[in-house]
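What follows is one structure encoded as structure tokens, with my remarks underneath.
Each value in this text was obtained by applying a stated rule to the coordinates, not by laboratory testing. For clarity, every value in this text was computed on a predicted model and none was experimentally measured. With ideal geometry, Cβ positions are generated from the backbone for all residues, glycine too; neighbour counts draw on all protein chains shown.
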Ligand SMILES: [Zn+2]
């Protein structure tokens, strides 16, 4: 097993001190040069951040940042907004958010920030046992969405062989994985299953290829046991989860315990916001709030990610003391639906549906029928499986869900973040 870095076994006190020193050291320059944060600090009544620097920990005094604020700022000051610490000439890369919610945000990185992204990928690869000897295949389109761009740069830094799967059909990607003897696959969990399906149609068994590890992002699938088991079986790999956000950075990774996602607390401060009380803690259930500590060209401080998590602290079997998001990201805070008084995240449905061997793609819709919310699920499977899936959803989640079976290949496939969940009025 690879030895852990000192930050991976920090005590609570060592972590807090290191994080605050790093943030506090940069705040004065930010207040001076970054118009967006200067305004926010003014509004929060913090006239001089040097007053905070002398405190033991002044994080809780800083204001939260929301996506709406960044988005409104960009709209008022096009094209990049005012969250810029340096003159515009200093920036070298432009990426944009995937547009899960609202219009895409343009995010800039200067050379130092991009180097930081590359460094952030090292603990992720290390935890998955990926090394310079590996050949990493990126089944990703390499468009403006940051996605696996930073993973590609990080893999180069690691010294691994980086294989791009951009501008290829799924069949071409399967052929490239086999021909190059790739050992590591990077893609969304949905797309891993799509690759296995396409391979089967070509008479290729990817479980017999050189692939040995897969790392997934974009959806929670790799932390959902049933989805992970299926990817591992169909591709012959050990599967790891990774979490990141365009505005924040590549912050999370699953370890050998694979029961959640650790946060790299050397480069990110994680807080859990109780949205009901407005109180932020360093563990528990709530909305994940992140501060990045090395992306000073366009930083985010106490950024409300909109992701609902359950953060636990304590020793992990992997030896790390880093906070862990148990079970990965449960879902977007606004994705939670309430069916007859029961709160459900779409990921809970996935955890059940994926356990059934004969299910291909699936869809979930929340429909409002005569003022009552009803959950409907469409699955690619034989008719008898639909009944069993409905039974499992009822017994495990306590809600009734109408499950309809359709023929294999009927539902659309996804390369990027899958959109399987919808809300409609009937
Ligand atoms: Zn661990």
Looking at region 336-426, what % of its DSSP beta bridges pair antiparallel, to the nearest 5?
50
Among bridges DSSP assigns within the chain, what percent are antiparallel (round to 5)?
60
Crossing angle, helix 111-127 versus the chain [Cα axis fit, 0-90 degrees, rounded to tens]
50
Given all pairs of different Cα atoms, what value in angstroms does the Kirkwood hydrodynamic radius of the chain take?
22.6
For the chain, what does the helix formula give at 222 nm: sum of -39500 (n - 2.57) over DSSP H segments with n ≥ 4, over the residue count, nearest 500 deg cm²/dmol?
-9500 deg cm²/dmol
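Please state, to two decimals, what the Cα-based radius of gyration of region 336-425 comes to when divided by 2.2 N^0.38 Å (N = residues).
Working: Rg = 12.5 Å, N = 90, 2.2 N^0.38 = 12.2 Å.
Compared with the compact-globule rule of thumb, region 336-425 sits at 1.03.
Which percent of the Cα-Cα distances in region 271-426 go past 23 Å?
50
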Cβ-derived FRET efficiency at R0 56 Å, residue 229 paired with residue 47, nearest 0.05
0.50
Can you give me the angle between helix 383-397 and the longest principal axis of the chain, using Cα atoms only, in degrees from 0 to 90, rounded to the nearest 10?
40
P(r) histogram, all alpha-carbon pairs of region 378-426 included - 5 Å bins from 0, percent:
5, 18, 19, 22, 23, 12, 1
Determine Rg/Rh for region 1-143; Rg is computed over alpha-carbon atoms and Rh is the Kirkwood hydrodynamic estimate from the same atoms.
1.01
Which ordering of 274, 334 is given by a fewest-first count of other beta-carbon atoms within 10 Å?
334, 274
If you wrap a convex hull around the C-alpha atoms of region 297-356 and split its volume per residue, what is the figure in Å³?
164
Treating the angle as unsigned and between 0 and 90°, give the value, to the nearest 10°, between the Cα long axis of helix 67-76 and the longest Cα principal axis of the chain.
70
